[in-house]
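First the structure, in the form of structure tokens, and then the observations on it.
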Amino acid sequence: TPLSQIRNFSIIAHIDHGKSTLADRLIEACGALTAREMKGQVLDSMELEQERGITIKAQTVRLTYPAKDGKTYILNLMDTPGHVDFAYEVSRSLAACEGSLLVVDASQGVEAQTLANVYQAIDANHEIVPVLNKVDLPAAEPEKTRQQIEEVVGIPADEAVEISAKTGLNIEGVLEALVRDLPPPEGDPQAPLQALLVDSWYDSYLGVIILVRIKEGTLRTGDKIRMMETGATYNVDQVGVFQPKMTPVKALGPGEIGYINAAIKAVADCNVGDTITHDQRPAPAPLPGFKPSIPVVWCGLFPVDADDFEKLRDSLGKLRLNDASFHFEMETSAALGFGFRCGFLGLLHLEIIQERLSREFNLDLIATAPSVVYKLYRTDGSMEELHNPADMPDLSLVERIEEPWIKASIMVPDEYLGAVLTLCSERRGVQLDLTYVGNRAMAVYRLPLNEVVFDFYDRLKSLTRGYASFDYQMDGYEESDLVRISILVNHEPVDALSFVAHRSAADARGRAICAKLKELIPRQLFKIAIQAAIGSKVIARETIGALSKDVTAKCYGGDISRKRKLLEKQKEGKKRMRQFGKVEIPQSAFLAALKMD
Ligand code: GDP
Ligand code: MG
């Protein structure tokens, strides 16, 4: 296929505006799958994605489209996640394409992540093709949405196609617009190979699979390749494309997106953003690559069963291969033993990784309280980044602590603005701007990340009945009056539950956590004291009364099988508990303790 007949595009949108549904319709329209194979959402293939109805991983499909001009085009489509926590996935997809298909829900209009995604696409020099989705809904206002796209997003929208990804209305109009308005890729098939390593993952049958975008040159089965950053070399066993099933091809030329399978053993050889070239005839220089992702939330992950430590290390390595925005390093905890300190792009990201570890790798884990990264300046002049509240030294050794701030954009219908402004000021927010788009307000705030990371998004959604949208960027560090709050269970500090908070919020948070733990820790045969303390000063306390009788006493009449079942259930529950001195704390307590309601 000549380059003039290739189009590479990402589908971008605010969450729930219909990206994945549209991707399915495009696949169907191009006949890539039979009606029988089109079940559910094709691209959200991970079990977790289907359950939660969100896209976590970007996905790629090659489509063949016979256009009205009589030529047959190859369309490479990349579906992308919409949630802020997965922005890094989006940026990588964008780097592999020349254009973006912008989906806007015509019943909702432009949202915070519509804007954030468009800005990213513009940064990547993309041509943008807007479409107005969900016009089948009675509440759809395509004309108003068209105007919003022009005024707020700042791109022309008079030709934007009105579609329904649900009913399939006007899908051909989308395909024609893509062929007409997107630029074809450029590149020389004879040049030295430059292939961008966009993504990689672990397939239990084939081993490591690498997703590449060929920028220059041609890659064939049997070629010896070299990763320019890591220097590793491999022989290519197979190259292929996703249709959407993995389909081998003889070669991948410039402008094409496809996969490589090369019996890669060392996961560390595959760095997302690296350039792959030929070993014998290397490219003079690598491609620009990606900005490294910087984790904003850290927590400890420990195996419930200490024997699972090596398995956890191996599983984290495999997940990291599939998710370059996830970081991990070894750590030890007095209470929890050997484990890993892990970095994430947000709390949803953390939850998803934890779930994947338990489902895909069958690991039982305990997660410690999440924390943002603080900068700690000691009185001796040294500075360190504090990822773990348990590592905070005595305050007499600390000259000052700085905490990360973000700049957040929140879009919300007028009637909920009051509630949003209250929430932001409760969280120490500073208003920077307030403007209107029709009857919707766009508030720009600076907020400490610490106040946002745990439950801000959930609170915002519930206060606005789901109508607010939210996006943020990091915005530097500032000195702050922060203290570490330790949690003591029967007077023993539990390092994994300690956290950092602003002094003004310390008492309230300390009380809230003690109350929460009182609910979460099951009664035991003795009284349990729960305390929150700053240094040696106790700021809150709760007591859990002792269990009066043997639980099995509930089973009247000596029903042996019921009794056995109950005991088994307890044993099952125990696997997810941790022993602190004499007290058992369920794993759910560690994360739940920090979510305020
Ligand atoms: P994504 O988050 O952008 O990938 O959005 P999805 O494709 O998962 O769609 C979100 C929800 O909107 C799903 O419940 C879809 O069934 C629904 N949806 C998508 N397109 C349309 C449409 O054209 N009309 C209507 N009525 N619903 C749609
Ligand atoms: Mg989706």
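Please treat every number below as a calculation from the coordinates, not as lab data. Owing to the predicted nature of the structure, the values given are computational and were not obtained by experimental measurement. With ideal geometry, Cβ positions are generated from the backbone for all residues, glycine too; neighbour counts draw on all protein chains shown.
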Nearest-20 debye value, the chain charge dipole, Cβ charges on Lys, Arg, Asp, Glu: 2240 debye
Förster radius 51 Å - calculated FRET efficiency between THR332 and GLN238, Cβ distance, rounded to 0.05: 0.75
Rounded tilt (10° steps) of 112-123 against the dominant C-alpha axis of the chain: 50 degrees
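Give, as a single signed number, the net charge of other residues whose beta carbon lies under 12 Å from the beta carbon of ALA268, with Lys and Arg counted +1 and Asp and Glu -1.
0
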Separation of the THR64 and ASN490 label points, Cα + 7 Å toward Cβ, nm: 7.0 nm
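Could you list ASP471, ASP136, ASP380 in order of exposure, starting from the residue whose Cβ has the fewest other Cβ atoms within 10 Å?
Fewest-to-most ranking of ASP471, ASP136, ASP380: ASP380, ASP136, ASP471.
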Segment ARG359-ASP433, extension gain: residue separation times 0.36 nm, minus the distance between their alpha carbons: 22.3 nm
Additional length obtainable on full extension of the chain from LEU169 to ALA529, 0.36 nm per residue less Cα span: 123.3 nm
Neighbourhood charge, 11 Å Cβ-Cβ cut-off, centred on VAL437 and excluding it, Lys, Arg +1 and Asp, Glu -1: -1
Order by protection proxy (mean Cβ within 10 Å, highest first), peptides 393-401, 172-180, 9-17, 195-203: 9-17, 195-203, 172-180, 393-401
Angle between the chain longest axis and helix 417-426 axis [Cα atoms, degrees, rounded to 10]: 50 degrees
Inter-site label distance for ASP203 and LYS250 at 7 Å from Cα along Cβ, in nm: 2.2 nm
Burial ordering of MET78, MET474, MET411, MET392, fewest other beta-carbon atoms within 10 Å first: MET474, MET392, MET411, MET78
Calculated [θ] (222 nm, deg cm²/dmol) that DSSP helices of n ≥ 4 give over the chain, each run adding -39,500 (n - 2.57): -7000 deg cm²/dmol
Charge sum, other residues only, whose C-beta stays under 10 Å from ILE539's C-beta, Lys/Arg counted +1 and Asp/Glu -1: +3
Packing-based order for 383-390, 484-491, using average beta carbon neighbours within 10 Å, highest first: 484-491, 383-390
